[in-house]
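Inspection log for the structure reproduced underneath, given as structure tokens.
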């Protein structure tokens, strides 16, 4: 994942953003995989999630083939043995 800055007249322009703390709940093994991927890319978990969401909104892949291979390996380490197709079947007593 490459860092993208808005370019104006050939110069990088940093855009100031305001971040807020969230209290989201996510599946435990998924969080472990996400944290590992953030560490792999040397970014924070929050930045990784922002990039995943922004890429998703534009229907663009967020991970390179190399990163997808790393995801596959990390999922195996943490026992994340499910994919998108099963997520609608989850039952959480706090939903």
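None of the figures in this text is laboratory data; all of them are computed from the coordinates on show. Note that this is a predicted model, so its numbers are computed, not measured. Because the Cβ atoms are built from the backbone with ideal geometry, glycine has one as well, and the counts that use them run over all protein chains shown.
At-a-glance table
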quantity: Members of the range 63-94 that are free of Cβ contacts under 8 Å to residues at least 60 places away in the same chain, touching a helix residue (DSSP H, G or I) at 6+ places or on another chain (Cβ under 7 Å), surrounded by 14 or more Cβ atoms within 10 Å (Cβ to Cβ) and in a loop (DSSP other than H, G, I, E, B); calculated: 80
quantity: Residue 26 being assigned to a loop (DSSP other than H, G, I, E, B) and under 26 Å from residue 91 (Cα atoms); calculated: yes
quantity: Members of the range 29-62 found to be loosely packed, with under 14 Cβ neighbours inside 10 Å, closer than 23 Å to residue 88 by Cα and in contact with a helix residue (DSSP H, G or I) (Cβ under 8 Å, 6 or more places away or on another chain), listed by number; calculated: 61
quantity: Residues of the range 36-62 classified as farther than 19 Å from residue 74 by Cα and in a loop (DSSP other than H, G, I, E, B), total; calculated: 3
